[in-house]
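Beneath this line is the structure, given in structure tokens, with notes to follow.
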Amino acid sequence: MARVHVVANQKGGVGKTTVTVSVAAVVADTMGGTPDETSVLGVSTDPQASMLEWAKRVGDKLPFDFEQCSDNPEILSKLRRIRKYSHIFVDTPGSLDKEEILKAVLQQADDVIVPIEPEVLAFTPAARTIQKVIGPAGVPFRVLINNWDPRDGESDLRQTQEFVQRKGFPLFNTVVRHYKLHTRAPAEGTTVVEYPKNRVALEARQDFFRLALEILGSNGEGPKHAGGNGVTTEAGED
Ligand SMILES: Nc1ncnc2c1ncn2[C@@H]1O[C@H](COP(=O)(O)OP(=O)(O)O)[C@@H](O)[C@H]1O
Ligand SMILES: [Mg+2]
């Protein structure tokens, strides 16, 4: 049976699609499949379908199989029973009015990744999603700090870690840093496993490899306290 990893936060623009595509690509690549024979499935349940657009631009090189499911609730209720794949990564809508879709997907989830940007305005919507939707579904979740730019200094990062800690939410050790490469990837039709082999690109990839290790290494039961030891604070040139 597939393990279903859901990426959710009802705030838009926090990195759900970026994280879903990048982690799915890393896991597919690491598991040694080929684009034709992969054990990873990526699913978009977002009617806005930005993952679909990205997947189309990548084309045949996409390292995982892909399904757009927003108009197909039938498939959504069967995700866990799909036998062909070991891991399924699910992107979800970033708005409150699509809560039914998110609730349906959470019924199928083994674990949930909640991306949050390191800025105060991101805190309340993330906490709402966790307390009102993910918590009641009873699925293990972890918060992921995404899109942190080391050049902005550490104070936003620390503030975000403290917020997550105060709420008692589990947090990934990995912090995904801001890199222009990630911002450009959807338009350029690439994924993180195809980035060039220069130093900046390798650093950008490294965050998603680390994150994938954390996701696969435990059954969604991450550390219960915010720990900053996975963070490289070197300036993130891009
Ligand atoms: N770590 C990152 N580094 C650079 N850009 C990022 C990063 N994470 C997200 N982005 C950019 O931020 C924007 C919103 O991300 P997206 O994944 O579409 O969020 P969501 O799916 O939650 O709406 C996109 O332009 C995306 O490329
Ligand atoms: Mg999205």
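Accessible area per residue for the chain is 44 Å², calculated with a 1.4 Å probe on protein heavy atoms, without ligands, DNA or RNA. When the surface is traced with a 1.4 Å probe over the full set of protein chains, E203 keeps roughly 20 Å² accessible.
Surface composition of the chain: carbon plus sulfur atoms contribute 49% of the solvent-accessible area (1.4 Å probe, protein chains only, all chains present). For a straight C-alpha distance cut-off of 17 angstrom, the aspartates and glutamates reachable from K197 (same-chain residues fewer than eight places away being disregarded) are D29, E188, D207, E237, D238.
Highest mean first, the peptides 113-119, 176-182, 149-155, 134-140 sorted by other C-beta atoms within 10 Å per residue fall in the order 113-119, 176-182, 134-140, 149-155. For the range 1-126, the antiparallel share of DSSP beta bridges with both residues in that region comes to about 5%. Applying a threshold of 18 Å to the alpha-carbon distances of K103/K167; K16/K167; K132/K167; K103/K132; K16/K103; K11/K103 flags K103/K167; K16/K167 as lying beyond it. In terms of its C-alpha gyration tensor, the range 3-217 has an oblate overall shape, because the principal axis ratio a/c (a ≥ b ≥ c, square roots of the eigenvalues) is not below 1.5 and a/b does not outweigh b/c.
Taken one residue at a time, the phi angles of the range 108-121 give Karplus couplings (6.51, -1.76, 1.60, θ = phi - 60°) of 9, 7, 8, 8, 10, 10, 10, x, 9, 8, x, 8, 4, 5 Hz. Gly and Pro are set to x.
About its Cα centre, the range 3-217 has a charge dipole of approximately 340 debye under the convention of +1 per Lys or Arg Cβ and -1 per Asp or Glu Cβ, with nothing else charged.
Extension gain, D71 to S95, is 7.0 nm, computed as 0.36 nm per intervening residue step minus the present C-alpha separation. Taking all protein chains together and rolling a 1.4 Å probe, T183 ends up with roughly 90 Å² accessible.
The values are calculated or read from the model by the stated rules, or taken from the named source; none is laboratory data. Note that the structure is a prediction, hence the values are computed from the model and not measured. For neighbour counting, all protein chains shown are included, and Cβ atoms are generated from backbone atoms with ideal geometry for every residue, glycine included. Please note that ligands, DNA and RNA were not included when accessible areas were found on the heavy atoms of the full protein model with its side chains. Shrake-Rupley method; radii C 1.70, N 1.55, O 1.52, S 1.80 Å.
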